[in-house]
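Single-structure report; data block below.
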Amino acid sequence: MPSTNFLVGIGLLIVGVIAIISGIIKKIKCSGRTVGRIIGVREYQETDDEGFNHYFYYPQFEYVVNGQIYRGEGNKGYSKPQKIQIGGNIKVYYNPQKPNESFTKGGGFILPFIGIMLIIVGVILITSQNG
């Protein structure tokens, strides 16, 4: 009977591969480029294991494709809201077939990066049962 580590490891491998493939597909589909305008900031609060709050700030933006205005949120969070200049420009990569699908700098690599991390943890769990 397979161990729990083995089964969880296999699950992580599968999810990791799916994340990598999804990220690559999104990057390929979002081949259009434009410059958006930052219109706001979203604050995200996270509490760590010791009860300390950490805040991250994400730029909210709008961009125009074929005369239509679309809105999105940046993929990169900042530790200080002052780093985000409302009214400033932001590079936006969008899907020409579905312009509401977009990502900003670094966003095309998030899913593949997460997928690689999941695969590494999965391999560690699978191989840990032998050692």
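Charge tally around P99: other residues with Cβ under 13 Å, Lys/Arg +1 each, Asp/Glu -1 each, net +2. Axis of helix 110-128 versus longest Cα principal axis of the chain: the two differ by about 10°, to the nearest ten degrees.
Close amide H contacts of V41 (hydrogens built in the peptide plane, cut-off under 5 Å, sequence separation of 5 or more or a different chain): Q60. Normalised by residue count, the chain yields a Cα convex hull volume of 126 Å³ per residue. Charge tally around R37: other residues with Cβ under 12 Å, Lys/Arg +1 each, Asp/Glu -1 each, net +1. With 0.36 nm allotted per residue and the present C-alpha distance subtracted, the T34-I21 stretch has 2.2 nm of extension available. Per the Kirkwood formula applied to alpha carbons, the range 59-110 shows a radius of gyration over Rh ratio, Rg over Rh, of 0.97. The angle separating the long axis of helix 4-29 from the principal Cα axis of greatest extent in the chain is about 30 degrees.
Lys and Arg at +1, Asp and Glu at -1: add these up for the other residues within a Cβ distance under 11 Å of Y63 and post the number. For residues surrounding Y63, the net value is +3.
Indicate the gyration tensor shape class of the range 39-85 (rounded, prolate or oblate), computed on the Cα atoms with a ≥ b ≥ c the square roots of the eigenvalues: a/c under 1.5 is rounded; otherwise a/b larger than b/c is prolate and the rest oblate. It comes out prolate by the Cα gyration axes. Calculated mean residue ellipticity at 222 nm for the chain: -12000 deg cm²/dmol, from DSSP H runs with n ≥ 4 weighted as -39500 (n - 2.57), summed, divided by the residue count and rounded to 500.
Each reported figure results from applying straightforward, stated rules to the coordinates on display, with no laboratory input. Since the structure is predicted, the reported quantities are computational estimates derived from the model, not experimental observations. A quick note on method: Cβ atoms are made from the backbone with ideal geometry, for glycine too, and the neighbour counts reach across all protein chains shown.
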